[in-house]
Every structure is written in structure tokens, then in C-alpha cells.
Amino acid sequence: MRLMLLFSLLLFPTGLRAEPGRPAMTIERTSEGYWIKEGNQKVLFYQRRTRSLEGKYARANYVHPLMDLDGNEITEDFPADHPHHRGVFWAWHQCLVGSSSAGDGWACQDFHWQVEEVRQQQKRNWAALEVQVTWSSPAFKGKDGQPVPLVKEQTTIRVERADENQRVIDFNIELRALVPELKLGGSKDAKGYGGFSPRFKMPANVVFRGQTGEVEPTSTAVEGGGWMDIRGDFGNRGSESGITIMSHPSVPGFPQSWILRRSGSMQNAVYPGATAVPLQMGSPWHFRYRLLLHRNPLDDTQIERHFQHYSR
């Protein structure tokens, strides 16, 4: 895990410089998970312990709430329209062993995330959580009648101290198959959604801009390049702010297509789509995503400059 953290530090240069007078980053453990804070201001919470809604949609291993630069909560958990959605999460509808279904991690059906270990790293300018998670499903059991471990996940969530108007949050996700013939895939329809998926509280005046320019959401995936900027009045401050989701060029399927929604849903960097693909033993998947929270709108040139720095 410590090697993983060193690897993540090398992978996650930000290009931002925190202001000298701002408070240091800290981590606070609770019975449910971990708060990452800047001084006394909460930035995000990692949900380690399994949560459910009256026994339904049980899940763990995700981020909620996520706060904007002014301390406003900008993610949703158990939303009424899609109660399986949760903050910032990464999940797939299809988890197959051979031709047999081993649960639905997206819909939180017959699926379990066991957070085995969480390591904390904190410096003045950043804080990180390194988590080890085992995936399993009661729908796929061994000869002893117990659920078989399916995937070993190692994820690093790294939060930068903010400068005056921006904050960087990086996700480095590694998935290793623990059984042969394992496949992961998105929804088995024309949308094919699955993968890295933030569920934001969307403002009414939202605008989407990708690497290719302004993007209009449709019912199915759209193209937008390596980043997608979502801008509007996120904090209800009466002024525009934004969140940029960046997909690193090293991720499988880059440049990924995007499932985008103006309201009532998540925003998804799609991989692999409707057709499940093998996660082969000994050949892990590596995903790298960045959230760039900005208090004021950024033009495309500014975002692209940041993306090019991230892509190195």
C-alpha cells in the first residue's frame, strides 16, 4: 500500500499552488468512515461502513458528502429518483463469472464491499486515504456455501489544499480479479452506463463543456474528449461555479464517452459500455480520474492547460 501511495503521488501532480496562509489538511476517523478536512472545514467523507435505506441498497466504499470550496454539500446519497446512486462512486451493473451473474454493484443488489484496510496520509498541503476493498456477492458462493471473493480493489483518494478558487481531488482505482472468467460491464441497453460516476446536486442553469466544446446531453452516451466541465450555480451563491471531471489518458477506453444528465441522475465516464469485458487475473484495470472544483467559471483554455499538466 505504501508503494501504491508513492505511485499515486508521482501520478497526481496538480499544477496548483495552495495559498501559504491556509490551514493544513487533516483526516478525522469516525465510526462510519473518514472525513478529509482543510483545517476545520470539511471537504469530503469516505464511507467505509455499509449503509442502507431501511435495509435496501446497501453499499460502502464511496464518497459522500463532497463539499464545494465554500463548504456547501454538492453530492447526493439515496436520492429519491435513483436511491442506489451515492455521492462519488465507481460501479458496474454486470459482474459475471463465466455466464453466471455475481450481483449488480451499480444497483446495490446482491453485492458487498468489504473495506479491509484504510491507511491515512496527511501533509500540510494534501491528505490521502489508501483503501483495500474486497468485492463479493451472495449470488456467487463456493463449495463451503460462503461468498467467494471476486475482486480486490486498491484505491487512493487524494485531496489537495485549495488555492483561492480551485481544489483538486484525485482518484486512483485499481481492480484485480480474484477468480477466472470474471467480466465487468455497464447497463445492458443503448446507454451502457457504468464506471466512475459522481451524483451531484445539479443547478438549474447547468452547462456542459467538453474538450470538444459545448455538449448537449442526450439519452445515450455523447462524446466530449478527456474532460467534462459542469458549470452553474452549484452553491446557490447567485454566481457561477463549476466541477470538471478529468479522465486520464491512461484509463481503458480513453477517450471515454459520457452519460450526462441535467437533473435527477449521475454523470458517468463510460467504461466499458453495454458489453461486459474480461477483467483477467494478473492484468488489473487502472482508472485515474480528477475532480477540479472551481469557484469561478474557467474558460476552455484554462481547463485544457490543467488537463495537459494532469496528463503528463
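The values are calculated or read from the model by the stated rules, or taken from the named source; none is laboratory data. It should be emphasised that the depicted structure is a prediction, and the values quoted were computed from it without experimental measurement. Using ideal geometry, Cβ is built from the backbone for each residue, glycine included, and neighbour counts are taken over all protein chains shown. Just so you know, the surface numbers come from the protein's heavy atoms only, side chains and all, with ligands and any DNA or RNA stripped out. Shrake-Rupley method; radii C 1.70, N 1.55, O 1.52, S 1.80 Å.
With a Förster radius of 30 Å, plug the Cβ-Cβ distance of E214 and E116 into 1/(1 + (r/R0)^6) and report the FRET value to the nearest 0.05.
Calculated transfer efficiency: 0.10.
Measuring with a 1.4 Å probe in the full set of protein chains, what accessible area per residue, in whole Å², belongs to region 238-291?
Per-residue accessible area for region 238-291 comes out at 33 Å².
Taking the 0 to 90 degree range and rounding to the nearest ten, how far is the long axis of helix 300-310 tilted relative to the main principal axis of the chain, both from C-alpha atoms?
50 degrees
Tilt of helix 2-11 relative to the longest C-alpha principal axis of the chain, in degrees (0 to 90, nearest 10)?
50 degrees
Report the convex hull volume per residue for region 171-259, counting only C-alpha atoms, in Å³.
123 Å³
Can you list the trypsin sites (Lys or Arg not before Pro) in region 230-292 that are in a DSSP coil and have 12 or fewer other beta carbons within 10 angstrom?
Passing sites in region 230-292 are R237.
By a straight-distance test (C-alpha under 16 Å), which aspartates and glutamates pair with K123 as possible cross-link partners, with residues fewer than eight away in the same chain excluded?
Reachable aspartates and glutamates: E19, E28, E38, E160, D163, D170.
Counting other Cβ atoms within 10 Å, keep those with at most 11, restrict to DSSP loop, and tell me which trypsin sites (Lys or Arg not before Pro) in region 80-181 are left.
K123, K143
Given points 7 Å out from each Cα along the Cα-Cβ axis, report the D163 to A204 separation in nanometres with one decimal.
3.4 nm
Between their Cα atoms, which of K152/K183; K56/K152; K143/K188 are more than 21 Å away from each other?
Over 21 Å Cα-Cα: K56/K152; K143/K188.
Percent of accessible area on region 82-223 owned by carbon and sulfur, 1.4 Å probe?
Accessible surface attributable to carbon and sulfur in region 82-223 totals 43 percent.
Whole-Hz Karplus ³J(HN,Hα) for region 251-264, in order, using 6.51 cos²θ - 1.76 cosθ + 1.60 and θ = phi - 60°, x for Gly and Pro?
Each residue of region 251-264 in turn: 6, x, x, 5, x, 6, 7, 10, 9, 10, 9, 6, 7, x Hz.
Looking at (i) 21.0, 71; (ii) 22.5, 71; (iii) 18.5, 59, which value of Rg and Dmax of the Cα atoms in Å comes from a calculation on the structure shown?
Structure-derived value, by its label: (iii).
Apply the Karplus curve 6.51 cos²θ - 1.76 cosθ + 1.60, θ = phi - 60°, to the phi angles in region 139-155 and return the couplings in whole Hz, x for Gly and Pro.
Whole-Hz 3J(HN,Hα) from phi for region 139-155: 7, 9, 10, x, 5, 7, x, 9, x, 8, x, 9, 9, 9, 9, 10, 10.
Take the chain, mark every one of the GluC sites (Glu not before Pro) that falls in a DSSP loop and has at most 12 other Cβ within 10 Å, then report the longest stretch left between them, sites excluded.
55-163
Collect residues whose amide H, placed 1.01 Å from N in the peptide plane, falls under 5 Å from the amide H of Y62; neighbours closer than 5 in sequence don't count.
For Y62, whose amide H was placed from the backbone, the distant partners under 5 Å are Q47.
Would you mind pulling out the separation of the Cα centroids of region 226-287 and region 41-67, in Å?
Centre-to-centre (Cα) distance: 19 Å.
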